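Accompanying notes for the structure given below.
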Amino acid sequence: MTSPKNPVGAHVPVAGGLATGGLKYAAEIGAETIQVFVANPRGWALPEGRPAEDARLRERTDVPVYVHAPYLVNFGSPTAETLAKSIATVRHSLARGRAIGARGVVVHTGSSVTQTYDEAMAQIHEHVLPLLEEIPEDGPDLLLEPMAGQNNMLCAKVQGLGPFFDKLEHHPKLGVCFDTCHAFAAGHDLAAPGGVKETLDALVATVGEGRLKLVHANDSKDACASAKDRHENIGAGRIGESPFADLFRHPATAGIPFIIETPGRAPEPHAKDIAILKRLRDG
Ligand SMILES: [Zn+2]
């Protein structure tokens, strides 16, 4: 039995419009799937979409689209204002995602900052579960992305997703975005023989089958367990090329998109990163 092919693509800049700018960039680098920001990633503004641009992306059902929520979002924050803005921002990302036909909205699992893990996780239940319940049938999934492991992160190792799924009652709209650089930095040695299988097996054992919806394919500038989140171009970092081939072969990734968030601008090195991944996928 052959598994469905994984679309390979990139996080794309959207200057000029989500469809006009994003799809142009995708064509330049050979991307078959894209991830976009629908707001300033380092701000709290909640911009409206442009209906014609939204419609053009929605109509491109051949290109799976994902939204990455802004970086400031942190549902574990002890600061009431940050928490309130996080809720409003993810609600906005989900609504904008639905408008552009996105399959998922990626959200970082966040940090407890100065409060306890248990206090932060209680907030996950109280504030994220209602957001999941608001998502209409045809809306995007909410995808949790574990982090590299610095600064009281609530989830770095894939096993840390277990309490999130429990707090969020295994909601059907809940999924996972697996970032290879973050996982490596958190201590999953993807570069070791069998490392990819061990990690993805652990992910599936933790959250169940069918929850992994997206891979962020990034090499790492830093060593395994460094807790540093510095992405590198595919094959140029400490993970190397071959673990990405193993990722494509694991049953948990069957058919799911791989998106690069690697350094540089189009066409090189992004076209090269995508070409390497397609070769590893098809080889
Ligand atoms: Zn990522």
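Considering amide H positions built from the backbone, and no H for Pro or chain starts, which residues 5 or more places from Glu145, or on another chain, come under 5 Å of its amide H?
Val107, His108, Thr109, Cys177
Ignoring ligands, DNA and RNA, what percent of the accessible area of the stretch 99-207 is carbon or sulfur (1.4 Å)?
It is 49 percent, rounded to a whole number.
Using 7 Å Cα-to-Cβ label points, what is the Leu129/His170 separation (nm, one decimal)?
Rounded to a tenth, the inter-label distance reads 1.5 nm.
Along the principal axes of its C-alpha atoms, what lengths does the stretch 106-226 span, in descending order and rounded to whole Å?
41, 35, 22
Can you flag which of Lys24/Lys272; Lys173/Lys221; Lys228/Lys278; Lys157/Lys228 are past 23 Å Cα-Cα?
Lys173/Lys221; Lys228/Lys278
Expected output is a single nm value to one decimal: the length gained when fully extending between Arg265 and Asp138, i.e. 0.36 nm times separation in residues minus the C-alpha distance. What is it?
42.4 nm
Would you kindly find the accessible area of Asp54, with a 1.4 Å probe and non-protein molecules such as ligands, DNA and RNA excluded, rounding to the nearest 10 Å²?
Roughly 10 Å² of Asp54 is accessible to a 1.4 Å probe.
Please report Rg (one decimal) and Dmax (integer) in Å for the Cα set of the stretch 8-282.
Answer for the stretch 8-282, Rg first and Dmax second: 17.4, 48 Å.
Given that compact globular proteins tend to follow 2.2 N^0.38 Å, what is the ratio of the alpha-carbon Rg of the stretch 188-283 to that value?
Expressed relative to 2.2 N^0.38 Å, the Cα Rg reads 1.05.
Distance between the C-alpha centers of the stretch 38-55 and the stretch 138-206? Whole Å please.
27 Å
With every protein chain left in place and a probe of 1.4 Å, what is the accessible surface of Thr89, to the nearest 10 Å²?
Solvent-accessible area, nearest 10 Å²: 0 Å².
Treat each spin label as a single point 7 Å out from the Cα along the C-beta direction, and report the Ser242 to Ala80 distance in nm.
Label-label distance for Ser242 and Ala80, simple model: 5.6 nm.
Using θ = phi - 60° and the Karplus relation 6.51 cos²θ - 1.76 cosθ + 1.60, list the HN-Hα couplings for the stretch 252-261 in order, rounded to whole Hz, with x at every Gly or Pro.
5, 9, 3, x, 8, x, 10, 10, 8, 10
Write down the percent of antiparallel bridges among all DSSP beta bridges whose residues are both part of the stretch 174-283, to the nearest 5.
DSSP beta bridges in the stretch 174-283 are roughly 20 percent antiparallel.
Can you give the FRET efficiency to the nearest 0.05 for Lys5 and Arg91, using r as the Cβ-Cβ distance and R₀ = 45 Å?
0.85
Suppose we keep just the DSSP beta bridges with both residues in the chain; what percent of those would be antiparallel, to 5?
10 percent
Strictly greater than 13 Å: what percent of every Cα pair in the stretch 83-158 meets that?
Summing the P(r) tail past 13 Å for the stretch 83-158 gives 68 percent.
In nanometres, what is the gap between the two model label sites at Ala55 and Ala254, each 7 Å from Cα along Cα-to-Cβ?
Reported label-point gap for Ala55 and Ala254 is 3.8 nm.
Residues with amide H under 5 Å of Ser220's amide H, sequence separation 5 or more or different chain, H placed in the peptide plane at 1.01 Å from N; which?
Answer set, sorted by chain and number: Glu232, Gly237, Arg238, Ile239, Gly240.
The values are calculated or read from the model by the stated rules, or taken from the named source; none is laboratory data. It should be emphasised that the depicted structure is a prediction, and the values quoted were computed from it without experimental measurement. So basically every Cβ, Gly included, is an ideal-geometry build from the backbone, and we count neighbours across all protein chains shown. Side chains included, ligands, DNA and RNA excluded: accessible areas come from the protein's heavy atoms. Shrake-Rupley method; radii C 1.70, N 1.55, O 1.52, S 1.80 Å.
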